[in-house]
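The values are calculated or read from the model by the stated rules, or taken from the named source; none is laboratory data. Small disclaimer: the values here were computed from a predicted structure and weren't measured. Cβ placement follows ideal geometry from the backbone for every residue including glycine, while neighbour counts extend to all protein chains displayed. Please note that ligands, DNA and RNA were not included when accessible areas were found on the heavy atoms of the full protein model with its side chains. Shrake-Rupley method; radii C 1.70, N 1.55, O 1.52, S 1.80 Å.
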Number of protein chains: 2
Amino acid sequence: MLADDHLGRARERLDDPLPESYFKAFEAVDRDPNFKLVVAETAEGRVVGCLQLCIMPGMSSQGTSRGLIEDVRVATDCRSRGIGEQLVQWAVGEARSRGCKVVELLTHSSRVDAQRFYKRLGFSPSHVGMTVRF
Amino acid sequence: MLADDHLGRARERLDDPLPESYFKAFEAVDRDPNFKLVVAETAEGRVVGCLQLCIMPGMSSQGTSRGLIEDVRVATDCRSRGIGEQLVQWAVGEARSRGCKVVELLTHSSRVDAQRFYKRLGFSPSHVGMTVRF
């Protein structure tokens, strides 16, 4: 799913076996309770969606944590069924239950559909998301 | 410094002693090696700037980590001396040395000066930063 997307296609490597770096990343996410990688599964156990939630403790806003949602993906043939919505609403609820007062995400300027989707779920395009790549 | 800002003024509480929530947040940041709170000090030991860096392991881009910069602040009377620049460049270098291929940040759409500042340091306004507050 990470590769099945106009930006992801160039960035991922779907060799068999997968590059070791994916397994190392999974262990790093799994090890830290502030990071959660969640997946959506069909009744048959097929993984059809995923997202990553980071709970970031921080000093501002009287020391309240922030939630950050990253890498939201839904399998191409399973879109428009509310799977992404369920994943994002789970993440927002989880962040809230862990004391976050805000949940943030960056979505590429070219992902116009994604921006509409997040607006529908209550997100506001309040910030500019700035990035530097090496 | 967190309160000395048009958005922060309404969000912080500078009682003496400070609310317990600030101390708890500091401990949570301090406990997790994926979060770094750094400060800039004058030769006399006065804290005149701060930022928080989060190193987020993740599955996308072949399992490379991302850096996220939050809460960049410089004391009002110490601005335009390159302190913010030194802090941000430290954070970008640190993220890079820890294997990140991208460093992200959200800056409020109203912070036009901040956007110019980050562009000067190599950041691109490639994303929309979306937030939901409770």
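Each Lys and Arg adds +1 at its Cβ and each Asp and Glu adds -1 at its Cβ; summed about the Cα centre, the stretch B:9-75 shows a dipole of about 280 debye. Subtracting the Cα-Cα distance of B:Arg46 and B:Arg116 from their residue separation scaled by 0.36 nm leaves 22.5 nm. Between this copy and the others, label points of B:Ser109 are 1.4 nm apart in ascending order, each placed 7 angstrom from Cα in the Cβ direction.
Converting phi to 3J(HN,Hα) with the Karplus coefficients 6.51, -1.76 and 1.60 and the offset θ = phi - 60°, the stretch B:33-50 yields x, 7, 10, 10, 9, 10, 10, 9, 10, 6, 4, 8, x, 7, 7, 10, x, 7 Hz in sequence order, with x at every glycine or proline. Taking the alpha-carbon centroid of each part, what is the distance from the stretch B:65-134 to the stretch A:20-62 in angstrom? So the two Cα centres are separated by 24 Å. Residue pairs exceeding 24 angstrom between C-alpha atoms, taken from A:Lys36/B:Lys24; A:Lys36/B:Lys101; A:Lys119/B:Lys119; A:Lys119/B:Lys101: A:Lys119/B:Lys119; A:Lys119/B:Lys101. The calculated P(r) of the stretch A:33-83, using every Cα pair and 10 Å bins from 0, goes 23, 39, 23, 13, 2 in percent.
Rounded to the nearest 5, what % of DSSP beta bridges with both residues in chain B are antiparallel? Walk me through the intermediate numbers first.
Numbers: 14 of 18 bridges.
Here the antiparallel bridges make up roughly 80 percent for chain B.
Rolled with a 1.4 Å probe across the full set of protein chains, the surface gives A:Asp4 an accessible area near 70 Å².
Express the relative contact order of chain B as a whole percentage, based on alpha carbon pairs under 8 Å and six or more residues apart in sequence.
Details: 159 pairs, mean separation 23.2, N = 134.
Contact order relative to length: 17 percent.
B:Gly63 sits among other residues whose Cβ lies under 12 Å from its own Cβ, and their net charge, with Lys and Arg +1 and Asp and Glu -1, is +1. Remark: mean inter-chain Cβ contacts per residue of B:91-103 equal 2, using a 10 Å Cβ-Cβ cutoff to other protein chain atoms. Relative to the globular-protein estimate of 2.2 N^0.38 Å, the Cα radius of gyration of the stretch A:1-106 stands at 1.17.
Please get the size of the charge dipole for the protein assembly as shown, origin at its Cα centre, with Cβ charges of +1 on Lys and Arg and -1 on Asp and Glu, quoted in debye to the nearest 20.
Values: 38 positive and 36 negative charges, 157 e Å.
So the magnitude is around 760 debye.
Average projection, convex hull of the Cα set of the stretch B:74-130: 4.5 square nanometres.
Modelled spin labels at A:Glu85 and B:Glu20, positioned 7 Å past Cα toward Cβ, are 4.1 nm from each other. Rounded to the nearest 20 debye, the dipole magnitude of the stretch B:1-121 is 640 debye, with +1 charges on Lys and Arg beta carbons, -1 on Asp and Glu beta carbons, and the Cα centre as origin.
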